[in-house]
Amino acid sequence: MTQKVLMAGFGGQGVMLMGELLAYAAMLEGKQVTYMPSYGPEMRGGTANCSVVISDEEISSPIVTEPAILIAMNEPSMEKFEKSIAPSGMLFINRSLIRRTPLRQDIKCFPVECNELARAILSEKIANIVMLGAVICASGIVSGESVGEVMRRKFVGKKSKFIPMNMKALTVWSDHYEDEKRQ
Amino acid sequence: MNTLFEFTKGMKPDSTSYCPGCTHGIAHRLIMEALCERGDLGRAIGVAPIGCSIVSHNYMNVDMCESTHGRAPAIASGIKRVHPGNIVFTYQGDGDLASIGTGEIIHAAHRGEHITTFFINNAIYGMTGGQMAPTTFIGQKTTTTAEGRTEKANGKPLRMSEMIATVGGAAYVERVALNSPSGVRKAKKAVLRALDVQDRKEGFSFVEFLSTCPTNWGLDPVASIEWVNTDMIPYYPLGNFKGMEG
Amino acid sequence: MDDRRLMKGNEAFAEAAIVSGCRYYFGYPITPQNELTEYMSRELPGAGGSFVQAESELAAVSMAYGAAAAGGRVLISSSSPGIALMQEGLSFLCSVDIPLVVLNVSRGGPGVGGIQPGQADYFQATRGGGNGDYHIIVYAPASIQESIDLMGKAYDVAEHYRNPVMLLVDGMLGQMMEPVSMPSRDAYALPEDVSAMKPWAITGHDNRRERNVVKSLRLKPDELEEAVEKRGAKYAAAEQELASYEAVDIESAEVVFVAFGSTSRIVKDAIGLLRADGVRAGMIRPISLWPFPERAFEQVPASAKAVISVELSMGQLIQDVRLAVNGRFPVELIHRTGGMLLTPEEVAARTMDILEVK
């Protein structure tokens with residue numbers, strides 16, 4: 001089983017970190033994984049995207065041209081990549097920044113109010129973690145425990161104080177979703 | 001019986017291939033004598049340039065390597081990283097150091113490398129047959145300035161010691177002339193001071209020798225020395241530019 | 001828990017050099033390999049080594065020459081135009097038989113070109129971008145793990161042959177992340193006495209031996225010829241001993257791809273697509289680009305309809321493929337250039353076009 005994920009947004013939205021956390025979590029689960037960032041001269045504000053491939057077998061190409069999961073953090077990213085999603089794939093939309101509705105009928109769409117949910121916890125800086133939480137909850141591509149373990153390993157020393165907030169951001173969408181289901 | 005003179009162990013006992021009247025041989029011997037007196041022959045590593053003195057390793061009795069054109073200060077920087085306890089020096093002419101190697105010499109000084117550069121300024125390219133160097137004088141005839149160097153076409157001669165003295169990492173900069181017995185004695189003192197600065201890890205040290213090139217100047221050895229006195233020294237003043245303030 | 005580490009290519013190359021005993025690195029910023037330079041600046045001083053940000057690639061390769069001639073294990077890295085500047089030093093290092101490991105994280109060219117992945121430095125690497133009769137030994141890893149393994153090998157080969165060795169990767173491998181097993185830094189014991197291991201090194205003669213002189217200049221033609229011929233014998237031995245490759249399903253292949261580095265990964269996926277369409281495709285992946293693994297082509301079955309060079313350049317690898325095939329099979333080219341990447345679908349589709357014409 002091979003899963004291909006493409007995520008895109010503005011530089012500075014933490015798209016690369018999101019991809020790295022996902023790849024790291026997959027590795028901790030014993031999977032084969034590749035992470036491939038777009039790279040360019042823009043440090044902030046330009047477009048940024050990265051591909052993550054997760055598989056039980058050796059991965060040949062790290063390039064994702066037909067993602068099973070697309071994460072669009074801003075509107076230009078959705079415009080650019082929606083058509084590339086594999087048939088019956090998943091599209092995660094940062095509803096805080098994307099007003100447009102998807103054109104594709106054959107895919108599953110998950111609108112996530114990333115920025116609002118992130119602000120309620122800390123600030124928009126962790127909107128990417130909110131989105132990652134939604135992706136792993138809805139797709140099951142890796143477990144929340146694995147991502148939690150990644151955070152414990154990555155945020156060490158002074159950075160460890162960020163762990164509780166990030167853990168909260170990771171589950172805020174699913175908590176919200178559960179609340180909605182109960183209502 | 002007292003020993004008045006002994007040939008330094010720092011030099012191989014061969015005769016050099018330099019032209020009659022050229023002062024490379026004096027500069028070689030001063031450096032090697034200084035290393036010998038300091039007891040540094042065994043721990044010295046030299047870098048020879050491109051130019052006449054590429055063959056300096058035939059005479060200098062220390063571990064040495066050849067260099068690509070102008071890169072000796074970068075090469076010496078690499079050597080010093082591996083052997084920080086050794087004495088590392090470059091020996092370079094004015095085509096090598098002041099033209100193709102300006103980047104390397106300025107940045108070795110800029111980093112404050114604990115190396116010493118001995119710079120032979122004879123105002124011309126020697127090995128390639130007498131072409132204009134950045135240090136060539138206005139009006140000086142060379143094979144690439146047949147009517148004499150002009151400021152309009154070639155700019156003014158470059159003063160390297162003055163330039164290097166402005167660089168923060170340079171700890172000791174001095175210009176000497178191999179034009180007389182007293183000039184040679186002063187040059188030896190400058191060599192010893194430069195090596196001392198390196199040994200004390202104070203920064204980059206640099207000694208410029210005003211030197212002769214009778215063959216390419218078209219002068220005999222005596223007239224060449226005279227030209228150093230009458231023409232070179234007025235434009236390239238002798239003395240300490242850094243490291244002996246106060 | 002998994003003991004693998006998730007590492008970015010450029011950082012893994014750097015750490016691989018450190019675990020292989022590299023303690024000296026001289027670099028100059030250029031995309032897409034900056035993470036390597038930055039990693040060395042952070043890690044080498046703590047590992048008892050030395051990092052210098054040089055004023056240019058020319059200075060970097062010169063510093064590397066000095067440190068290597070002094071007996072150190074040295075790494076330099078750059079990307080295509082920077083490697084072009086280093087050619088002066090590489091030719092010189094060959095002329096003085098000094099070992100060095102060079103990494104090229106290549107990008108699109110010519111000139112400044114772009115910063116996306118490219119393989120158009122094949123000629124520069126395998127033909128020698130500098131002057132004179134010499135060769136650089138060139139390895140082209142296809143994964144980050146293979147890069148780590150080849151880095152250790154590169155140092156051993158460089159010191160055995162006393163010649164520079166290049167690892168040629170591209171921006172894709174430099175920028176991507178994969179889980180890797182990294183040896184520990186104790187894996188290589190640094191020699192206590194460099195002179196014992198490298199008696200030619202300039203270390204200071206300590207008044208105990210004749211002085212060492214590292215020299216390139218040989219003004220007498222007969223002496224220069226002798227030195228070059230001697231080096232030629234060394235290269236002939238390297239051709240016998242170092243040529244290496246991976247063969248993928250070539251025994252019964254009707255089409256055999258030839259691809260190296262990151263492109264070989266795309267081709268592996270294309271082979272899967274073609275197989276689903278009933279086409280028996282295989283691949284020869286050269287691991288050493290110089291020496292080129294010509295013997296691999298003896299395994300191409302007589303039934304093969306075409307050998308296809310797949311590369312991110314206008315057709316450079318294909319010249320070695322043609323020499324190795326020596327007229328036995330039609331040789332075709334599938335390529336992109338300028339930083340554009342091939343997709344498995346594109347490789348498969350163009351292969352079908354080629355096979356239909358045959």
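Residue-by-condition table, conditions (1) in a loop (DSSP other than H, G, I, E, B); (2) crowded, with 18+ Cβ neighbours inside 10 Å; (3) away from chain A (no Cβ under 14 Å):
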| position | (1), (2), (3) |
| --- | --- |
| C:Leu173 | no, yes, no |
| C:Ala187 | yes, no, yes |
| C:Pro199 | yes, no, yes |
| C:His205 | yes, yes, yes |
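The single condition among (1) within 13 Å of another protein chain (Cβ to nearest Cβ); (2) farther than 28 Å from C:Trp200 by Cβ; (3) outside any loop (DSSP other than H, G, I, E, B); (4) more than 18 Å from the chain's Cα centre (by Cα) that C:Val112 does not satisfy is (3).
Rundown of residues vs (1) at pLDDT 95 or above; (2) closer than 16 Å to B:His114 by Cα; (3) of a type in the set (Gly, Ala, Ser); (4) outside any helix (DSSP H, G or I), yes/no style:
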{"position": "B:Glu147", "(1), (2), (3), (4)": "yes, no, no, yes"}
{"position": "B:Val173", "(1), (2), (3), (4)": "yes, yes, no, yes"}
{"position": "B:Arg185", "(1), (2), (3), (4)": "yes, no, no, no"}
{"position": "B:Arg193", "(1), (2), (3), (4)": "yes, yes, no, no"}
{"position": "B:Val197", "(1), (2), (3), (4)": "yes, yes, no, no"}
{"position": "B:Val207", "(1), (2), (3), (4)": "yes, yes, no, yes"}
{"position": "B:Thr212", "(1), (2), (3), (4)": "yes, no, no, yes"}
{"position": "B:Ile225", "(1), (2), (3), (4)": "yes, no, no, no"}
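Could you check segment C:229-249 and list, in sequence order, the residues that are of a type in the set (Gly, Ala, Ser) and either under 19 Å from the mean Cα position of the chain (by Cα) or not in a helix (DSSP H, G or I) (or both)? Of everything in segment C:229-249, those that are of a type in the set (Gly, Ala, Ser) and either under 19 Å from the mean Cα position of the chain (by Cα) or not in a helix (DSSP H, G or I) (or both) turn out to be C:Ala236, C:Ala237, C:Ala238, C:Ala243, C:Ser244, C:Ala247.
If you go through segment C:218-235 and keep only what is among the hydrophobic types (A, V, I, L, M, F, W, C) and either open to solvent by 50 Å² or more (accessible area, probe 1.4 Å) or in the same structural domain as C:Ile137 (by TED's automatic domain parsing) (or both), you end up with C:Leu219, C:Leu224, C:Ala233.
Given the residues C:Ala120, C:Ala140, which is the only one that is in contact with a Pro (Cβ under 8 Å, 6 or more places away or on another chain), modelled with pLDDT of 95 or more and open to solvent by 10 Å² or more (accessible area, probe 1.4 Å)? Please lay out each step first, then the result.
Numbers: C:Ala140 fails: open to solvent by 10 Å² or more (accessible area, probe 1.4 Å).
The conditions single out C:Ala120.
Of everything in segment C:235-270, what is away from chain A (no Cβ under 14 Å) and polar (S, T, N, Q)? Give them in sequence order. Of everything in segment C:235-270, those that are away from chain A (no Cβ under 14 Å) and polar (S, T, N, Q) turn out to be C:Gln240, C:Ser244, C:Ser252. Just one of (1) open to solvent by 50 Å² or more (accessible area, probe 1.4 Å); (2) in contact with a Ser or Thr (Cβ under 8 Å, 6 or more places away or on another chain) fails for C:Pro344. It is (1).
The set of residues in segment C:74-97 that are within 11 Å of chain B (Cβ to nearest Cβ) and over 17 Å from the mean Cα position of the chain (by Cα) comprises C:Glu88, C:Phe92, C:Ser95, C:Val96. C:Glu210 falls short on exactly one of the conditions (1) out of contact with any strand residue (DSSP E or B) (no Cβ under 8 Å at 6 or more places or on another chain); (2) assigned to a helix (DSSP H, G or I); (3) of a type outside the set (A, V, I, L, M, F, W, C), and that condition is (2). Of the strands (runs of 3 or more DSSP E) lying entirely inside segment A:1-69, not one contains at least 3 residues that are open to solvent by 50 Å² or more (accessible area, probe 1.4 Å), within 22 Å of A:Ile107 (Cβ to Cβ) and at pLDDT below 95. Among the numbered conditions (1) out of contact with any Lys or Arg (no Cβ under 8 Å at 6 or more places or on another chain); (2) closer than 21 Å to B:Ile106 by Cα, the only one that B:Ser205 does not meet is (1). Restricting attention to segment A:154-183, the residues being within 18 Å of A:Tyr24 (Cβ to Cβ), touching a residue at least 40 places away in the same chain (Cβ under 8 Å) and not hydrophobic (A, V, I, L, M, F, W, C) number 2. Assessment of segment A:27-48 against the conditions (in contact with a Leu (Cβ under 8 Å, 6 or more places away or on another chain) and more than 10 Å from chain C (Cβ to nearest Cβ)) yields no matching residue. Restricting attention to segment A:69-86, does a residue exist that is among the polar types (S, T, N, Q), under 15 Å from the mean Cα position of the chain (by Cα) and on the phi < 0 side of the Ramachandran plot? Yes, segment A:69-86 contains at least one residue that is among the polar types (S, T, N, Q), under 15 Å from the mean Cα position of the chain (by Cα) and on the phi < 0 side of the Ramachandran plot. Only one of the numbered conditions (1) surrounded by fewer than 24 Cβ atoms within 10 Å (Cβ to Cβ); (2) in contact with a Lys or Arg (Cβ under 9 Å, 6 or more places away or on another chain); (3) over 16 Å from A:Met78 (Cα atoms); (4) modelled with pLDDT of 95 or more is violated by A:Ala127, and that is (1).
Looking at C:Val307, C:Val300, C:Val279, C:Val256, can you tell me which residue is modelled with pLDDT of 95 or more and under 21 Å from C:Ala120 (Cα atoms)? Reasoning before the result, please.
On the way: C:Val300 fails: under 21 Å from C:Ala120 (Cα atoms); C:Val279 fails: under 21 Å from C:Ala120 (Cα atoms); C:Val256 fails: under 21 Å from C:Ala120 (Cα atoms).
Answer to the selection: C:Val307.
Please go through segment C:310-358 and pick out each residue that is under 20 Å from A:Ile63 (Cβ atoms), without any contact (Cβ under 8 Å) to a residue 60 or more places away in the chain and within 21 Å of the chain's Cα centre (by Cα). Across segment C:310-358, the qualifying residues are C:Val310, C:His335, C:Arg336. Report, by residue number, each residue of segment A:133-183 that is of a type in the set (Lys, Arg), within 21 Å of A:Leu91 (Cβ to Cβ) and modelled with pLDDT of 90 or more. Within segment A:133-183, none qualify.
Please tell me if A:Glu145 is in contact with a Leu (Cβ under 8 Å, 6 or more places away or on another chain), among the acidic types (Asp, Glu) and either exposed (fewer than 15 other Cβ atoms within 10 Å of the Cβ) or in contact (Cβ under 8 Å) with a residue 12 or more places away in the chain (or both).
Taking the combined requirement at face value, the residue does not satisfy it.
Please go through segment B:16-29 and pick out each residue that is assigned to a loop (DSSP other than H, G, I, E, B) and open to solvent by less than 100 Å² (accessible area, probe 1.4 Å). Walk me through how you get there before you give the answer.
First pass over segment B:16-29, keeping only residues assigned to a loop (DSSP other than H, G, I, E, B): B:16-23.
Residues satisfying the conditions are B:Thr16, B:Ser17, B:Tyr18, B:Cys19, B:Gly21, B:Cys22, B:Thr23.
Listed here are the residues, each with its yes/no results for (1) open to solvent by less than 10 Å² (accessible area, probe 1.4 Å); (2) in a loop (DSSP other than H, G, I, E, B); (3) more than 27 Å from C:Ser195 (Cβ to Cβ).
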position	(1), (2), (3)
C:Val52	yes, no, no
C:Met63	yes, no, no
C:Gly66	yes, no, no
C:Leu75	yes, no, no
C:Ile83	yes, no, yes
C:Asp97	no, yes, no
C:Asn104	yes, no, yes
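Note on segment A:91-110: among residues that are within 17 Å of A:Val15 (Cα to Cα) and either without any contact (Cβ under 8 Å) to a residue 60 or more places away in the chain or assigned to a helix (DSSP H, G or I) (or both), the one that is nearest to the chain's Cα centre (by Cα) is A:Phe92.
A single entry from C:Ser252, C:Ser244, C:Ser262 fulfils the requirement of being of a type in the set (Ser, Thr, Tyr) and open to solvent by less than 20 Å² (accessible area, probe 1.4 Å): C:Ser262.
The values are calculated or read from the model by the stated rules, or taken from the named source; none is laboratory data. Nothing here was measured: the structure is a model prediction, and the numbers come from that model. Note that each Cβ is placed from the backbone with ideal geometry, even for glycine, and that neighbours are counted across all protein chains shown. The protein model used for the area step is the full one, side chains on, heavy atoms only, and it has no ligands, DNA or RNA in it. Shrake-Rupley method; radii C 1.70, N 1.55, O 1.52, S 1.80 Å.
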